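What follows is one structure encoded as C-alpha cells, with my remarks underneath.
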Amino acid sequence: MIVETAGLTKRYGENTVLSGLDLKVAEGSVLALLGPNGAGKTTTIRILSTLTRPDEGSARIAGFDVVRSPAAVRGVISLTGQYAAVDEEQTGRENLLMIARLRRFRRSAARVRTSELLERFQLPDVADRRVRTYSGGLRRRLDLAMSLVARPRLLFLDEPTTGLDPVSRTTMWDAVGDLVREGVTIFLTTQYLEEADRLADRIVVLDNGNVVADGTADALKNSVGGARLDLTFPSCEDAARAHVLVGGVTDGPTVSVPSDGSATHLHRVLDDLLTAGVRPDRVSTHRPTLDDVFTTLTGAAA
Amino acid sequence: MTVTLTLVGRSVRLSRRNLDLVIMSIVLPVMMMALFVYVFGGAVTAVESYVNYVVPGILVLCTGYGASSTAMAVADDMGRGVVDRFRSMPISAFAVLTGHVTASVARNAVATSAVVFAALLMGFRPPASPVAWVLAMGLLLIYVLALSWLTAGFGVVARSVESASMFGFFMLFLPYLSSAFVPVSTMPPWLRVVSEHQPVTPVIETVRALLTGSPVTSGWLAPAWSGGLLVVAFPLAVWLFRRISQR
Ligand SMILES: Nc1ncnc2c1ncn2[C@@H]1O[C@H](COP(=O)(O)OP(=O)(O)OP(=O)(O)O)[C@@H](O)[C@H]1O
Ligand SMILES: [Mg+2]
C-alpha cells in the first residue's frame, strides 16, 4: 500500500472537515476521490502531501509517516494542487528549469529534461512566453509538467481538469493514462464523474468528511440499481394509459420502466403498448451513471 | 546550496520583471531626492549643504521602499500555490524567503547606487574617506538585511498583498519622524523625543556622520540596533514560516 491512512481527522475550529478517514491505495493504481464542494478533498490531499497536519489519526506514504518523516514523504510524491502553482512572470521554460534545478538536476540535465517535458505536453510553441499570457489549459499542462520533472512514485492531482475545455481535458486524461502505464500511482480528486469513470480503478466518494462509498465505477453504479427505459408519448393521457399497461413511474408525457437493458425486454414493452394502440414518440435506455450514484449518495440536488 | 541559489535567481528575475517594483524601489527614491533637494531644500537653512545633509535620509527611505516590496513579494508567494509546491518538494522551502531577502538586498544596492549617483549630479560632495564609505554602506547593508527579514516574516503572516503593503507604509513613515530631512532641533520638543529615540535616527545619524566626515556621536547605537534587529528578525521569520505547516 503506497497510501495508508487510519482515522484521519481534521478540524478547523468547530468545523470537522475530515472525520476518521480510512484509506488504502495500492501502488500502481488510480484512486479518484469524489465529492461535492467542501467535502474535504483538498484537505485530504494537503495532509497526505505534508502541507497540513492532521488533528488525529495517521497517514503513511510508502511506509513513511506524514507527520514524523515529512522529508521522506516528499521524496516520493509530487503535487499538482487545485490552483496552478506556476510563476506568472517567468516563462514556461524558466518555470520548468527552476523545478529541475530544485530537484538537483545538473544544469545540462535540467535543460534536457525541460525540453522533453515541453515536448511531451505540447508546449514548445509557448515555452518562451511568460505564463501570464497562457490560457487556463496551457497553464494546467505546465503545472502538471512541473510535477513530473522528477518522476514521482505517487502523484496527487487536485481537480486536474476543472475549467478545461473538452479537448484540453482529453489531453490531460491521455497524459494521466501514460503515467499509469509508467507505473505511477495516481491519487486524484474530481467533480466530474466521467473523469473518475474513465481514469480510476477505484472511486471513493467523500461527503462531509466521511467516506460514503468505495469501490469500482461499476460496483458503484450497480449499487444504485439497474438500467431503465424512458418512453415519451405525444400526450400525458397516452402516458397515463401506458403507465397502466407497463408500470414504472410517470413524469409528464414520459414513463420510466425498470429494465435489464436487453433488446428482449424492450421488444416486449413495445409489443404490449402497440397492441393496446398506445404509440410512444421516443424511446431511450438509461444506464445509471456516476451522476446518479453521486446524487443518491451525497443527497446533492441533481 | 543549489536550492538557495536557484530561488535567489528566481526572486531576482521576478523583481526585474516587476515594473512597479523597479519604479517603487529605484525610481521613486531618486525622485524623492530631487524633490527634497530642489523643492524643500531651499527652505531648510539650519544646515550648510542640504544635499549633503539629505542623502543619508534618502538612503534610509530607500530601505523602507525595499522592505515594503519584500513583504508584498513574500505575501504574494504565500497566497499562491507556488510555496505549497516548494513545501511539498524534498527541499528546504524556507529558501524561498532567503531568495526574496537576497533579491531585496540586491534591489537596495541598485537603488543606493542610483541615489548616490543622482546625488553627485545634484552637487553631493561628501568629504568621506573610502573607509568611511565602506563603514556607511556596511551599516546600511546590515540594516537592510535586518529590515528585509523582518518584512519577509511579516509577508508570511499577512493575509494578503494589501495588508503586507500596509507594513511598508509604516516603514516609510518612520524616516519622516527622524532627522532624515530636517535637523531634530527644528522640531517641537515632544516630537524631538520621539524622533531621537526611534531606531531609524541613529542609523541616519551614523551614516551622515561617516559620509560628512564628522565624529560619530551615536557610537555603537546604530550597529547595535541593526544587528539586534537582525538577530531577532531572522529566527522570527524562520519560526513563522515553519508555523504555517502546523495549520
Ligand atoms: N485553512 C482553512 N481554514 C478554515 N477552514 C478551512 C480551511 N481549509 C479548508 N477549510 C474548510 O474545510 C472544508 C473542506 O474544504 P476542502 O477544501 O478540503 O474541500 P474540497 O472538497 O476540496 O472542496 P472543493 O471541491 O470546493 O475544492 C470546507 O468547509 C472549508 O471551508
Ligand atoms: Mg478542493
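The values are calculated or read from the model by the stated rules, or taken from the named source; none is laboratory data. Model, not experiment: these values are computed from the prediction. Here the Cβ is made from the backbone with ideal geometry for all residues, glycine too, and neighbour counts use every protein chain on show.
If B:Ala43 meets every condition in (1) more than 22 Å from B:Phe169 (Cα to Cα); (2) modelled with pLDDT of 85 or more apart from one, which number is that one?
The number of the failed condition is (2).
Among the residues that make up region A:156-170, is at least one of them crowded, with 19+ Cβ neighbours inside 10 Å, in contact (Cβ under 8 Å) with a residue 24 or more places away in the chain and of a type in the set (Asp, Glu)?
yes
Assigned to a helix (DSSP H, G or I), of a type outside the set (A, V, I, L, M) and over 30 Å from A:Leu157 (Cβ atoms): is that true of B:Gly9 in this structure?
Spelling it out, it is not the case that B:Gly9 is assigned to a helix (DSSP H, G or I), of a type outside the set (A, V, I, L, M) and over 30 Å from A:Leu157 (Cβ atoms).
From (1) closer than 23 Å to B:Ser165 by Cβ; (2) part of a loop (DSSP other than H, G, I, E, B), pick out the condition that doesn't hold for B:Asp84.
The number of the failed condition is (2).
Scan region B:226-247 and tell me whether some residue there is buried (at least 17 other Cβ atoms within 10 Å of the Cβ) and modelled with pLDDT under 80.
no
Kindly evaluate B:Leu97 against the criterion of being of a type in the set (A, V, I, L, M, F, W, C), more than 14 Å from chain A (Cβ to nearest Cβ) and closer than 28 Å to A:Ala100 by Cβ.
In short, yes.
Within the set of pairs 6 or more residues apart or between chains, which connect a residue that is within 14 Å of A:Tyr12 (Cα to Cα) inside region A:37-49 to a residue that is at pLDDT below 90 and within 6 Å of ligand 1 (Cβ to nearest atom) with Cβ atoms less than 6 Å apart?
A:Thr42/A:Gln82
Of B:Ala152, B:Ala222, which residue is touching a residue at least 40 places away in the same chain (Cβ under 8 Å) and closer than 30 Å to A:Pro70 by Cβ?
Just a single option satisfies the conditions, and that option is B:Ala152.
Only one of (1) crowded, with 20+ Cβ neighbours inside 10 Å; (2) within 11 Å of another protein chain (Cβ to nearest Cβ) fails for B:Phe36. Which number is that?
(2)
If I filter region A:23-34 for residues that are among the hydroxyl-bearing types (Ser, Thr, Tyr), at negative phi and within 15 Å of ligand 1 (Cβ to nearest atom), do I get at least one hit?
Scanning region A:23-34, I find no residue that is among the hydroxyl-bearing types (Ser, Thr, Tyr), at negative phi and within 15 Å of ligand 1 (Cβ to nearest atom), so the answer is no.
Would you please name the residue that is nearest to B:Phe124 (Cα to Cα), looking only at residues in region B:61-77 that are at pLDDT 85 or above and not small (Gly, Ala, Ser)?
Only one residue tops the list, namely B:Thr70.
Pick from region A:61-75 the residues that are facing another protein chain (nearest Cβ under 9 Å) and surrounded by fewer than 21 Cβ atoms within 10 Å (Cβ to Cβ): which of them is nearest to A:Ile47 (Cα to Cα)?
A:Pro70
Can you pull out the residues in region B:120-164 that are surrounded by fewer than 16 Cβ atoms within 10 Å (Cβ to Cβ) and of a type in the set (Ser, Thr, Tyr)?
B:Ser129, B:Ser160, B:Ser163
Inspect all residues belonging to region A:72-82 and state whether any of them is out of contact with any His (no Cβ under 9 Å at 6 or more places or on another chain), at pLDDT 90 or above and within 15 Å of ligand 1 (Cβ to nearest atom).
Checked region A:72-82: at least one residue is out of contact with any His (no Cβ under 9 Å at 6 or more places or on another chain), at pLDDT 90 or above and within 15 Å of ligand 1 (Cβ to nearest atom).
Tell me the residue from A:Arg113, A:Arg103, A:Arg93 that is facing chain B (nearest Cβ under 10 Å), among the basic types (Lys, Arg) and more than 23 Å from the chain's Cα centre (by Cα), please. Spell out how you get there, then give the answer.
Values: A:Arg113 fails: facing chain B (nearest Cβ under 10 Å); A:Arg93 fails: facing chain B (nearest Cβ under 10 Å).
Being facing chain B (nearest Cβ under 10 Å), among the basic types (Lys, Arg) and more than 23 Å from the chain's Cα centre (by Cα) holds for just one of A:Arg113, A:Arg103, A:Arg93, which is A:Arg103.
For region A:37-57, which residues satisfy the criterion of being over 17 Å from the mean Cα position of the chain (by Cα), within 12 Å of ligand 1 (Cβ to nearest atom) and of a type in the set (S, T, N, Q)?
Hit for region A:37-57 is A:Thr52, nothing else.
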